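Peer 1: Structure below; questions to follow.
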Amino acid sequence: MSDLKTKFLEVYSVLKSELLNDPAFEFTDDSRQWLDRMLDYNVPGGKLNRGLSVVDSYKLLKEGRELTSDETFLACALGWCIEWLQAYFLVMDDIMDGSHTRRGQPCWFRLPKVGMIAANDGIIVRNHIPRILKNHFRGKPYYVDLLDLFNEVEFQTASGQMIDLITTLVGEKDLSKYSLPLHRRIVQYKTAYYSFYLPVACALLMSGENLDNHIDVKEILIEMGIYFQVQDDYLDSYGDPEVIGKIGTDIEDFKCSWMVVKALEVCNEEQKKLLHENYGKQDPACVAKVKELYEALKIQDVFLEYERKSYEKLNKGIEAHPSKAVQAVLKSFLSKIYKRQK
């Protein structure tokens with residue numbers, strides 16, 4: 001795995017160098033330096049799971065055959081396109097949320113001399129994706145399908161973000177809007193498509209597959225993405241900050257979290273009143289009251305039961321798939337997230 005990560009980071013350097021010398025724009029020294037620094041700050045800093053899983057998935061689809069150096073490079077390049085997409089979402093997301101830190105360092109827009117230039121930087125990062133695809137996939141039979149895939153997933157993610165943002169309009173904190181179907185819609189569009197479906201779809205296209213023949217794979221990956229986000233919501237309240245690397249703030253931020261939706265489903269009128277009074281407040285005493293209510297309602301047990309059922313359902317769906325190679329890809333994804341602690 002460390003070899004793969006080293007190779008993956010080498011491909012980043014190649015792609016960045018091409019973008020810093022893109023013939024469609026006449027760079028000055030200042031603009032090239034800005035772009036160089038901005039990319040290094042925002043693109044390669046995360047866990048790189050989405051990007052690396054394109055390479056892993058492609059290998060599994062090849063059923064153990066050694067990849068040529070060209071195939072490895074192309075799979076890495078597609079993986080980086082997803083990491084570029086992620087970077088674009090995060091730069092924009094941090095501005096919208098007024099966030100302070102990201103990946104253990106100040107958000108890009110918080111840096112001196114950056115500020116709202118970050119909005120344009122986000123647009124540039126987004127526009128790098130078709131540049132990379134054009135440079136390396138233009139001659140491939142699946143080139144148009146790749147462009148189409150990235151455009152569609154970006155649209156779905158931005159639309160998911162829209163539902164999330166308009167649900168929690170400032171001054172309109174209304175818990176009664178929150179429900180399981182709403183939570184599912186937000187998560188499906190905002191997270192599941194780009195984090196789970198997109199990496200596998202890239203690998204399938206590279207393998208010469210038609211995505212229309214793999215609707216069942218898409219459905220399983222979307223379910224997996226929803227399960228992943230429910231875990232995230234659970235870890236926000238019950239995870240160990242030392243392990244997760246951050247302190248959860250879903251309660252303070254009035255998030256449409258699976259935890260609060262489940263609590264609303266099972267609480268009585270008095271408990272509902274307590275939730276309405278304390279959820280979405282920055283006061284630690286209010287947060288503590290919400291967490292005490294989660295304890296009283298045994299939301300932890302509800303989650304463990306949900307986790308067990310989801311795992312069984314996903315496994316059943318995976319094993320019903322006719323292709324052993326596709327099964328291996330899906331099982332690889334599931335094994336990475338089942339019962340995770342961070």
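Peer 1: Six or more apart or on different chains, Cβ under 8 Å: which pairs go from a residue in the stretch 318-336 that's of a type outside the set (S, T, N, Q) to one that's open to solvent by less than 40 Å² (accessible area, probe 1.4 Å) and not in a helix (DSSP H, G or I)? Could you list them?
Peer 2: Close Cβ pairs (under 8 Å, with a partner that is open to solvent by less than 40 Å² (accessible area, probe 1.4 Å) and not in a helix (DSSP H, G or I)) amount to Leu330/His321.
Peer 1: Picking from Ser69, Ser53, Ser57, which residue would you name as being small (Gly, Ala, Ser) and free of Cβ contacts under 8 Å to residues at least 60 places away in the same chain?
Peer 2: That would be Ser69, the only listed residue that is small (Gly, Ala, Ser) and free of Cβ contacts under 8 Å to residues at least 60 places away in the same chain.
Peer 1: Here's something else I'd like to know. For Pro106, only one of the following conditions fails: (1) modelled with pLDDT of 95 or more; (2) farther than 13 Å from Val43 by Cβ. What is its number?
Peer 2: For Pro106, the failing item is (1).
Peer 1: Quick one: which residue in Arg65, Arg32 is open to solvent by 50 Å² or more (accessible area, probe 1.4 Å), of a type outside the set (Phe, Trp, Tyr) and in a helix (DSSP H, G or I)?
Peer 2: The match here is Arg32.
Peer 1: Does any residue of the stretch 70-79 turn out to be open to solvent by less than 70 Å² (accessible area, probe 1.4 Å), under 14 Å from the mean Cα position of the chain (by Cα) and among the hydrophobic types (A, V, I, L, M, F, W, C)?
Peer 2: The answer is no, given that none of the residues of the stretch 70-79 is open to solvent by less than 70 Å² (accessible area, probe 1.4 Å), under 14 Å from the mean Cα position of the chain (by Cα) and among the hydrophobic types (A, V, I, L, M, F, W, C).
Peer 1: I'd like the full set of residues that are part of a loop (DSSP other than H, G, I, E, B) and aliphatic (A, V, I, L, M), limited to the stretch 41-62.
Peer 2: If the condition is that a residue be part of a loop (DSSP other than H, G, I, E, B) and aliphatic (A, V, I, L, M), then Val43, Leu48 are the ones that fit.
Peer 1: Another question, then. Kindly state which helices (runs of 4 or more DSSP H) lie completely within the stretch 99-215 and contain at least 2 residues that are surrounded by fewer than 18 Cβ atoms within 10 Å (Cβ to Cβ).
Peer 2: Answer list for the stretch 99-215: 117-137, 143-167, 180-187.
Peer 1: List every residue pair whose Cβ atoms sit under 6 Å apart, with the two residues 6 or more apart in sequence or on different chains, where the first one lies in the stretch 288-310 and is modelled with pLDDT of 95 or more and the second, anywhere, is loosely packed, with under 13 Cβ neighbours inside 10 Å.
Peer 2: Once the first residue is modelled with pLDDT of 95 or more and sits in the stretch 288-310, its partners that are loosely packed, with under 13 Cβ neighbours inside 10 Å give Leu297/Val266.
Peer 1: Here's another thing I want to ask about it. Have a look at Leu39, Leu20, Leu48 and point out the one that is open to solvent by less than 50 Å² (accessible area, probe 1.4 Å), touching a residue at least 12 places away in the same chain (Cβ under 8 Å) and over 22 Å from the mean Cα position of the chain (by Cα).
Peer 2: None of the other options fit; the residue is Leu20.
The values are calculated or read from the model by the stated rules, or taken from the named source; none is laboratory data. It should be emphasised that the depicted structure is a prediction, and the values quoted were computed from it without experimental measurement. Using ideal geometry, Cβ is built from the backbone for each residue, glycine included, and neighbour counts are taken over all protein chains shown. Each accessible area value is taken on the protein alone, full model and side chains, heavy atoms only, with ligands, DNA and RNA left out. Shrake-Rupley method; radii C 1.70, N 1.55, O 1.52, S 1.80 Å.
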